[in-house]
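To start, the structure under review is shown below, and the notes come after it.
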Amino acid sequence: MEKSADQSSNKAYEMTPKNIDDPVDANSASKADESDLQEVEDVNESLDELTRALDFFEQRTDDIIAQLRVLLDSNREIRQQIAQDKEKETIAALAATNISSKTENDDADENTNVGD
C-alpha cells in the first residue's frame, strides 16, 4: 500500500503545473516567453487554417444551396407544364367525346326524321 501512495503522490507532483512566473534565472524566463510566443503563434496559425476551412465549406454550402434552388425552380416549372399539358389533353378528350356524342345524336335524329 505504501507504494501506491508514493506513486499517487509522484503522479500528483508530475501533474502539477509548473509556475513559470517564478523563473530561476533571467535566461529561463526569456526561454519561457519565447516558448509562450511560439505557442500563441501556432494557435493563431491553427485558428487561421480553421477559419479558411470553414470559409471554404460555407462557400461550398452556399453554392450547393443555389444549385438546389435552381433545380427546385426548374422542377416546379416542369410540373406546372405537365399539369397544363394534361389539362389541355383532358379538355381535348372531353371536347372530342362531346363532338362524337353530338354527331351520334344528330345521326340518330336524322334516322328518326327519315323514317317519319
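Where a number appears in this text, it was derived from the coordinates with a stated rule and is not lab data. Predicted, not measured: the structure shown is a model, and the values here were computed from it.
Structure summary
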item	result
Length gained when the stretch Ala32-Asp62 is fully extended (0.36 nm per residue, less Cα-Cα span)	6.4 nm
For the stretch 55-105, alpha-carbon Rg and Dmax in angstrom	22.0, 74
